[in-house]
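Each remark here refers to the structure printed beneath this line.
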Amino acid sequence: MNDVLPDETPIWHYLEACLRELTASYGYSEIRMPVVENTQLFCRSIGEVTDIVEKEMYTFVDKGEDSLTLRPEGTASCVRAGIQHGLLYNQQQRLWYMGPMFRRERPQKGRYRQFYQFGLEAFGFKGPDIDAEIIALTARLWKKIGLNEVELQINSLGSNQAREAYKAILVEYFTQNIEHLDSDSQRRLKSNPLRILDTKNPGMKQLIENAPKLMDHLDDDSKQHFEKLCQLLDKLDISYVINSKLVRGLDYYNRTVFEWVTKDLGAQGTICAGGRYDGLVEQLGGQATQGCGFAMGLERIILLIKQQSDLQDKLSAKTDVYLCTLGEIAETAGIQLVESLRDELPKLKIQLHCGGGNFKKQLKKADKSDAKIALILGEDEVEQQQITLKFLRDKTEQKKFAQSELSTQLPKLLS
């Protein structure tokens, strides 16, 4: 679990604002789901034999003897909410969500057991145009936040029927080479053989390279769907690599799958991943509805922003003005003056000195706040309705203004 400290929150606000602005421009609406769901929701959607369900979920029994789980991902919750509230049947929906997810996995760079995820889901769209739109939206986000060292990898898993037939071929191949499988892969052989293709074991590299390719066993509709997607990405000038080993770790995917990856975050380089899940709504009790979406871990994207740009320095929430008050009368007048300035200049970042202290101590606090200007209000200034301005970042001489002029003078001096 991880804290986000005050000096880091400005970059979080920036990324969240970019995501809200971008999704709104594409016509997506926000949905908010609970953090806790019935455990069976994830077992039925993600798959009983996936790493998430087998090893990583935080599951507990509540006082009503119900098995509940802290959500490990958002798609299943979004589908459940769509079915429950009648949002999906015979409709097209573009939805997004953002919030904490929970997985008890081994902590790595930018990966925590409570992590923040942004997800986007589109329902009721059959063709590859929605796949292309979703990928284009993510590509636009990378441009917007200044990430250049990211690569798009795509693949097709085919229809559910074609994938099941391919699984049988894969099981036969791996069974013939079982002595070369590690213990994890042997365990997956009967339950989830596609995941063997995604192994990180370098000793199995050659075995995986020689395995039958899923792309060679696609049904005709899935081939046409994937070819059209590639054509659309070419037209949009979005570069991609076809990765035949890309299978995704969740059972509900079919046809298009994709990942955006980077080499700047170590071995686990995926920062955004998704694809189609045309059977999931029906699997969870709704009417058959096509689905497509993605999720991204915000911690990892923020790490990349810090590595690839100087954005964090530009975004730090620096104070514009710091008000020092000298004496009890000035303290009372100072808080009134500050609130009046906030009414007149709502974008002004102004900090009022609180807690007493002599003038020298207050100026030290003003300097530490990174303010450009210190406003000094003593009892004489209160009586004369004036204010002294001390410039903290350059050698400009102190100035005095009538308090009534502050709202017009400060924007000029700070620009």
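The values are calculated or read from the model by the stated rules, or taken from the named source; none is laboratory data. Since we're looking at a predicted model, the values are computed, not measured. With ideal geometry, Cβ positions are generated from the backbone for all residues, glycine too; neighbour counts draw on all protein chains shown.
State which residue pairs qualify: first residue under 12 Å from THR325 (Cα atoms) and inside segment 347-358, second residue part of a loop (DSSP other than H, G, I, E, B) and modelled with pLDDT under 90 in any location, beta carbons under 7 Å apart, and separation of 6 or more residues or different chains.
Final answer for the pair search is GLN351/THR319; GLN351/SER369.
Table: residues versus (1) in contact (Cβ under 8 Å) with a residue 60 or more places away in the chain; (2) of a type outside the set (S, T, N, Q).
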| position | (1), (2) |
| --- | --- |
| PHE115 | yes, yes |
| ILE135 | yes, yes |
| LYS167 | no, yes |
| TYR173 | no, yes |
| ASN177 | no, no |
| ARG187 | no, yes |
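Looking at segment 209-235 only, could you name the residues that are out of contact with any Ser or Thr (no Cβ under 7 Å at 6 or more places or on another chain), in contact (Cβ under 8 Å) with a residue 12 or more places away in the chain and not in a helix (DSSP H, G or I)?
Across segment 209-235, the qualifying residues are ALA211, PRO212.
With respect to VAL241, is the statement that it is under 22 Å from the mean Cα position of the chain (by Cα) and either modelled with pLDDT under 90 or surrounded by fewer than 19 Cβ atoms within 10 Å (Cβ to Cβ) (or both) true?
Considered against the rule, which asks whether it is under 22 Å from the mean Cα position of the chain (by Cα) and either modelled with pLDDT under 90 or surrounded by fewer than 19 Cβ atoms within 10 Å (Cβ to Cβ) (or both), VAL241 comes out as no.
Of the conditions (1) of a type outside the set (S, T, N, Q); (2) assigned by TED's automatic domain parsing to the domain that holds ILE135; (3) at pLDDT below 90; (4) more than 30 Å from LYS190 (Cα to Cα), MET1 clears all except one; give me its number.
(2)
For the list (1) closer than 30 Å to LEU157 by Cα; (2) among the β-branched types (Val, Ile, Thr); (3) part of a helix (DSSP H, G or I), I need the number of the one condition that ILE305 fails.
(1)
Is it the case that PRO212 is surrounded by 12 or more Cβ atoms within 10 Å (Cβ to Cβ), more than 31 Å from the chain's Cα centre (by Cα) and of a type outside the set (Asp, Glu)?
Details: surrounded by 12 or more Cβ atoms within 10 Å (Cβ to Cβ): yes; more than 31 Å from the chain's Cα centre (by Cα): yes; of a type outside the set (Asp, Glu): yes.
Against the criterion (surrounded by 12 or more Cβ atoms within 10 Å (Cβ to Cβ), more than 31 Å from the chain's Cα centre (by Cα) and of a type outside the set (Asp, Glu)), PRO212 qualifies.
Filter segment 89-136 down to the residues that are closer than 18 Å to ILE305 by Cα and modelled with pLDDT of 90 or more, then identify the one that is surrounded by the most Cβ atoms within 10 Å (Cβ to Cβ).
Taking the candidates together, the pick is PHE118.
When you look at GLN93, is it in contact (Cβ under 8 Å) with a residue 12 or more places away in the chain, among the polar types (S, T, N, Q) and either in the same structural domain as GLY146 (by TED's automatic domain parsing) or under 30 Å from ILE130 (Cα atoms) (or both), yes or no?
Details: in contact (Cβ under 8 Å) with a residue 12 or more places away in the chain: yes; among the polar types (S, T, N, Q): yes; either in the same structural domain as GLY146 (by TED's automatic domain parsing) or under 30 Å from ILE130 (Cα atoms) (or both): yes.
Considered against the rule, which asks whether it is in contact (Cβ under 8 Å) with a residue 12 or more places away in the chain, among the polar types (S, T, N, Q) and either in the same structural domain as GLY146 (by TED's automatic domain parsing) or under 30 Å from ILE130 (Cα atoms) (or both), GLN93 comes out as yes.
Filter segment 279-302 down to residues that are more than 17 Å from ARG111 (Cβ to Cβ), touching a residue at least 40 places away in the same chain (Cβ under 8 Å) and not in a strand (DSSP E or B), then give me how many there are. Explain how you work it out, then say what you get.
Keep residues of segment 279-302 that are more than 17 Å from ARG111 (Cβ to Cβ), which gives 279-294.
Filter again for touching a residue at least 40 places away in the same chain (Cβ under 8 Å), leaving 279-281, 283-287, 289-294.
Then drop every residue that is not not in a strand (DSSP E or B), which leaves 279-281, 283-287, 289-290.
Adding up the residues that qualify gives 10.
Can you find a residue in segment 10-28 that is modelled with pLDDT under 90 and surrounded by fewer than 18 Cβ atoms within 10 Å (Cβ to Cβ)?
So far as segment 10-28 goes, yes, one or more of its residues are modelled with pLDDT under 90 and surrounded by fewer than 18 Cβ atoms within 10 Å (Cβ to Cβ).
For segment 123-131, does any single residue satisfy the condition of being aliphatic (A, V, I, L, M) and in contact with a Leu (Cβ under 8 Å, 6 or more places away or on another chain)? It would help to see each step written out before you state the result.
So in segment 123-131, the residues aliphatic (A, V, I, L, M) come out as 130.
If we keep only those that are in contact with a Leu (Cβ under 8 Å, 6 or more places away or on another chain) as well, we get none.
Looking through segment 123-131, none of the residues is aliphatic (A, V, I, L, M) and in contact with a Leu (Cβ under 8 Å, 6 or more places away or on another chain).
Return the residues of segment 146-205 that are farther than 24 Å from ILE135 by Cα and part of a loop (DSSP other than H, G, I, E, B); say none if nothing qualifies.
Scanning segment 146-205 gives ASN177, LEU181, ASP182, ASN192, THR199, LYS200, ASN201.
Among the candidates LEU152, LEU147, single out the residue that is crowded, with 16+ Cβ neighbours inside 10 Å and more than 18 Å from TRP12 (Cβ to Cβ). Give the steps one after another, and end with the answer.
Numbers: LEU147 fails: more than 18 Å from TRP12 (Cβ to Cβ).
Just one listed residue meets the conditions, LEU152.
Would a scan of segment 237-258 turn up a residue that is among the hydroxyl-bearing types (Ser, Thr, Tyr), assigned to a loop (DSSP other than H, G, I, E, B) and outside the structural domain of THR75 (by TED's automatic domain parsing)?
Restricting attention to segment 237-258, the residues satisfying the condition of being among the hydroxyl-bearing types (Ser, Thr, Tyr) are 239-240, 244, 252-253, 256.
Then drop every residue that is not assigned to a loop (DSSP other than H, G, I, E, B), which leaves 239-240, 244, 252-253.
Checking which are outside the structural domain of THR75 (by TED's automatic domain parsing) leaves us with none.
No, segment 237-258 contains no residue that is among the hydroxyl-bearing types (Ser, Thr, Tyr), assigned to a loop (DSSP other than H, G, I, E, B) and outside the structural domain of THR75 (by TED's automatic domain parsing).
Just name the residue that is surrounded by the fewest Cβ atoms within 10 Å (Cβ to Cβ) out of those in segment 29-64 that are at pLDDT 95 or above and assigned to a loop (DSSP other than H, G, I, E, B).
Looking at the filtered set, the residue picked out is ARG32.
Residue by residue through segment 328-344, note down the ones that are surrounded by 14 or more Cβ atoms within 10 Å (Cβ to Cβ) and either in a loop (DSSP other than H, G, I, E, B) or of a type in the set (Asp, Glu) (or both).
Across segment 328-344, the qualifying residue is only GLU331.
Residue check, THR325 against (1) outside the structural domain of ASP394 (by TED's automatic domain parsing); (2) out of contact with any Ser or Thr (no Cβ under 7 Å at 6 or more places or on another chain), all met but one. Which one?
(1)
Any residue that is closer than 30 Å to SER191 by Cβ and assigned by TED's automatic domain parsing to the domain that holds ALA122 - is there at least one of those in segment 140-152? Before you say what the answer is, go through the steps one by one.
At the first step, the residues of segment 140-152 found to be closer than 30 Å to SER191 by Cβ are 152.
Subsequent filtering for residues that are assigned by TED's automatic domain parsing to the domain that holds ALA122 retains 152.
For segment 140-152, residues closer than 30 Å to SER191 by Cβ and assigned by TED's automatic domain parsing to the domain that holds ALA122: present.
Could you grab me the full set of residues in segment 263-278 that are assigned to a strand (DSSP E or B) and either modelled with pLDDT under 90 or of a type in the set (Lys, Arg) (or both)?
First, pick out the residues of segment 263-278 that are assigned to a strand (DSSP E or B): 270-276.
THR270, ARG276, listed by residue number.
Which residues, counting only those in segment 374-415, are of a type in the set (Gly, Ala, Ser), surrounded by fewer than 16 Cβ atoms within 10 Å (Cβ to Cβ) and in contact (Cβ under 8 Å) with a residue 24 or more places away in the chain? Outline the logic, then answer.
Initial filter on segment 374-415 (of a type in the set (Gly, Ala, Ser)): 374, 378, 402, 404, 407, 415.
Add one more test, that the residue is surrounded by fewer than 16 Cβ atoms within 10 Å (Cβ to Cβ), and what stays is 402, 404, 407, 415.
SER407, the sole residue that qualifies.
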